[in-house]
Amino acid sequence: MIKLYDFPACPFGQKVRIALAEKSLSYDMVNIDLRGGEHRKPEFLRLNPYGRVPVLVDEDTVVYDSTIINEYLDDEYPDPPLLPRIEFSSLRARARIFEDFADTSFTPQVGQLMAEVAKPEAERDQARLQRLRSAVERVLDYLNRELQGQQYLAGEFSVADIGFAPRLLVLKDLGVDAGMNRPNVDTWIRRLLDRASIHNLAGVTVEPTAGV
Ligand SMILES: N[C@@H](CCC(=O)N[C@@H](CS)C(=O)NCC(=O)O)C(=O)O
């Protein structure tokens, strides 16, 4: 049985949960209490020296980092694939580029926005809120251009789309209407939400997490 060490609101753990659901793999989720500092305990650091969730344990194999975990899952359980086929190297590179972009230039920014919005209204830094919203809006504009004529970011549904999904789902609650004036993003989000793997995450994500 696969074990996933995770924290419910972690967008990186959510990437892995989407991949597991897409591949219909059952697993036990072990909740690591980030707020209580459980990720800094020696027994967790033995699994992941970086002290971060998610960590996946599959029999004797321990894998950490959501991107590496999802590639491991795709290697070990190839059906259905979450990367373009091996002969489509450019498309595979594009999928990886978008996943990395989501992890570095979208998810953390939305996380910061969540943390600001979570503050009592009087304590919110309005200028920072505006800056963060604009940064997120710029990414959405870019995605809208990249999705022109495409159903998904890199051919079929892939790790690229999975990378964005967790934080796309919370934008509405943060005052960002992702689909407004962005028809390609609008249909893409609807298409993503039609997938049970993503639909089932909606509603469990509106909470800032440590480290993002
Ligand atoms: N690159 C890692 C990032 C994982 C990450 O930042 N996880 C956060 C929770 S969402 C965490 O464990 N933070 C604890 C810490 O950094 O101390 C991945 O993709 O798995």
**Study point:** Low-density loop cleavage sites - trypsin sites (Lys or Arg not before Pro) in the range 70-101, where at most 14 other Cβ are within 10 Å (DSSP)
**Key:** Arg85
Exercise for review: Just add up the charged neighbours of Asp60: K/R +1, D/E -1, any other residue whose Cβ is under 13 Å from the Cβ of Asp60.
Suggested key: -2
Study note, to complete from the structure: For the range 64-99, listing GluC sites (Glu not before Pro) in a DSSP loop whose Cβ sees at most 13 other Cβ atoms within 10 Å gives Glu87
Check your understanding: Carbon and sulfur atoms: what percent of the 1.4 Å accessible area of the chain do they account for?
Key -> 49
Review point. How many lysine pairs does the chain hold where the Cα atoms are under 19 Å apart and the two sit 8 or more places apart or on different chains?
Key: 5
Practice item. Name the residue farthest towards the positive end of the dipole of the range 45-120 from the options Val110, Gly51, Pro80, assuming +1 on Cβ of Lys and Arg, -1 on Cβ of Asp and Glu, about the Cα centre. Key: Val110
Check your understanding: In terms of solvent-accessible area of protein heavy atoms at a 1.4 angstrom probe, what is the ranking of His39, His199, highest value first?
Key -> His199, His39
Exercise for review: For the chain, calculate the relative contact order in percent as a whole number, restricting contacts to Cα pairs under 8 Å that are 6 or more residues apart.
Suggested key: 25
Practice item. Filter the DSSP H helices in the chain by two things, a Kyte-Doolittle mean of at least -1.0 and an axial alpha-carbon span of 18 angstrom or more, and list the hits by number. Key: 89-105, 126-146
Check your understanding: Calculated from DSSP H runs of 4 or more alone, at -39500 (n - 2.57) each and per residue, what is the 222 nm mean residue ellipticity of the chain, nearest 500?
Key -> -15000 deg cm²/dmol
**Study point:** Overall form of the range 1-134 per C-alpha gyration tensor (a/c, 1.5; a/b vs b/c)
**Key:** oblate
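The values are calculated or read from the model by the stated rules, or taken from the named source; none is laboratory data. Since we're looking at a predicted model, the values are computed, not measured. No Cβ is skipped: glycine too gets one built from the backbone with ideal geometry, and neighbour counts run over all protein chains shown. Just so you know, the surface numbers come from the protein's heavy atoms only, side chains and all, with ligands and any DNA or RNA stripped out. Shrake-Rupley method; radii C 1.70, N 1.55, O 1.52, S 1.80 Å.
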